[in-house]
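Below is one structure; the comments refer to it alone.
The values are calculated or read from the model by the stated rules, or taken from the named source; none is laboratory data. A quick note: this is a predicted structure, and the numbers were derived from the prediction, not measured. Please note: Cβ atoms are built from the backbone with ideal geometry, for glycine as well, and neighbour counts cover all protein chains shown. For the accessible areas, the whole protein counts, side chains as well, though only heavy atoms, and no ligand, DNA or RNA atoms are used. Shrake-Rupley method; radii C 1.70, N 1.55, O 1.52, S 1.80 Å.
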Amino acid sequence: TPLIDIKGVRYAYDTATGKLPVLERLDISVSQGGFVAVVGPSGCGKSTLTRLISGLIRPDEGEVWLHGEQVTSPKPTVGMAFQNPVLLEWRSILKNVLLPLEIVPTKLSRTDQEARARDLLALVGLDGFEDKRPSELSGGMRQRASLCRALIHQPEVLILDEPFGALDAFTREDLWQIMHRIKAKEPFTGVLITHDLREAIYLADQVVVLSGRPARTQYVMDLDPNR
Ligand code: ADP
Ligand code: ADP
């Protein structure tokens, strides 16, 4: 069975002028450890899709399943990273990465929590920056720290909503390589929202194209993971 299974989803926002249908007949299926990229024009409902997967909103029709359970509320097993990482300036990078563990406690001891945070920071090349403040880091480094924060809970699903969109071309390609490094080490199932088809093909093993208004799954491209 797929780890993420979105079946016939329809979603409309309630607005002052009535219903705004955004998604209809949306079908996406991702196996465990898979990495899907969702591409489509601005405003086609990609962020809405991430909210459906993370349980922040519920479909008007159809179903969203995660690991055999229907999604009806937010779960800590979903990690998220966004285009503009919000890091808390009064906390060190290490403490920012540890933040989700304060909000949703784990069984890990304090020592193990910190060791995991340090391992993640090392994995993305931020060893030595644990005690810095966010403003002391470049945009690419801050995004790397926010990826560590999204991963600290070992989420089953990692949702990346245009995480590299605000970065310059060089930094973006650095981040792509770092994503491959993370993917080799961390066992998440990935959902990448992007405008960049090149990025989708570089990182994902399945590309889903949304289009239309309301948007639907227009086509699905499976890529050879060993390409
Ligand atoms: P994308 O991420 O692909 O740019 P979004 O999911 O953010 O698209 O938005 C899809 C459509 O839904 C857009 O027309 C947007 O204006 C509208 N929309 C998004 N969020 C809301 C909201 N909270 N209330 C009403 N309309 C919204
Ligand atoms: P993105 O395309 O990256 O999702 P947007 O500019 O579409 O960014 O949306 C930014 C935020 O504004 C989102 O949280 C979205 O829910 C909200 N939003 C977008 N469109 C509307 C709208 N028409 N009414 C209310 N909120 C909206």
Task: Total residues in segment 160-172, condition buried (at least 21 other Cβ atoms within 10 Å of the Cβ) and in contact with a Gly (Cβ under 8 Å, 6 or more places away or on another chain) - done: 1
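For residues in segment 146-172 being aliphatic (A, V, I, L, M) and more than 14 Å from the chain's Cα centre (by Cα), which is nearest to ligand 2 (Cβ to nearest atom)?
The initial filter retains those residues of segment 146-172 that are aliphatic (A, V, I, L, M), namely 147, 150-152, 157-160, 166-167, 169.
With more than 14 Å from the chain's Cα centre (by Cα) added as a condition, the list becomes 166-167, 169.
Numbers: Ala166: 11, Leu167: 15, Ala169: 20 Å.
Among residues in segment 146-172 that are aliphatic (A, V, I, L, M) and more than 14 Å from the chain's Cα centre (by Cα), the one nearest to ligand 2 (Cβ to nearest atom) is Ala166.
Going by the conditions given, is Gly68 at pLDDT below 95, within 25 Å of Ile28 (Cβ to Cβ) and either touching a Cys at 6+ places or on another chain (Cβ under 8 Å) or surrounded by fewer than 18 Cβ atoms within 10 Å (Cβ to Cβ) (or both)? Step through it out loud before you land on a result.
On the way: at pLDDT below 95: yes; within 25 Å of Ile28 (Cβ to Cβ): yes; either touching a Cys at 6+ places or on another chain (Cβ under 8 Å) or surrounded by fewer than 18 Cβ atoms within 10 Å (Cβ to Cβ) (or both): yes.
Answer is yes for this residue.
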TODO: For residues that are more than 22 Å from the chain's Cα centre (by Cα) and polar (S, T, N, Q), scanning just segment 1-21, find the one that is farthest from Ala215 (Cα to Cα).
DONE: Thr17
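So which of Arg58, Arg144 ends up being surrounded by 21 or more Cβ atoms within 10 Å (Cβ to Cβ), touching a helix residue (DSSP H, G or I) at 6+ places or on another chain (Cβ under 9 Å), of a type in the set (D, E, K, R) and under 23 Å from Leu192 (Cα atoms)? First the steps, then the outcome.
Details: Arg58 fails: surrounded by 21 or more Cβ atoms within 10 Å (Cβ to Cβ).
Result: Arg144 is the single residue among Arg58, Arg144 that is surrounded by 21 or more Cβ atoms within 10 Å (Cβ to Cβ), touching a helix residue (DSSP H, G or I) at 6+ places or on another chain (Cβ under 9 Å), of a type in the set (D, E, K, R) and under 23 Å from Leu192 (Cα atoms).
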- [ ] For segment 60-98, enumerate the residues that are within 21 Å of Val208 (Cα to Cα) and within 16 Å of ligand 2 (Cβ to nearest atom).
- [x] Met80, Ala81, Phe82, Gln83
Task: Failed condition for Val157, given (1) in contact with a Ser or Thr (Cβ under 9 Å, 6 or more places away or on another chain); (2) open to solvent by 10 Å² or more (accessible area, probe 1.4 Å) - done: (2)
Open item on the list: Looking at segment 173-227 only, could you name the residues that are more than 19 Å from the chain's Cα centre (by Cα), within 16 Å of ligand 2 (Cβ to nearest atom) and loosely packed, with under 15 Cβ neighbours inside 10 Å?
Closed with: Ser211, Arg213
Open item on the list: Looking only at segment 1-40, filter to residues that are farther than 22 Å from Gln206 by Cβ and of a type in the set (S, T, N, Q); which one of those is surrounded by the fewest Cβ atoms within 10 Å (Cβ to Cβ)?
Closed with: Thr17
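Go over the candidates Ser42, Ser47 one by one and state the one that is within 14 Å of ligand 1 (Cβ to nearest atom), of a type in the set (Ser, Thr, Tyr) and closer than 17 Å to Leu158 by Cα.
The unique qualifying residue is Ser47.
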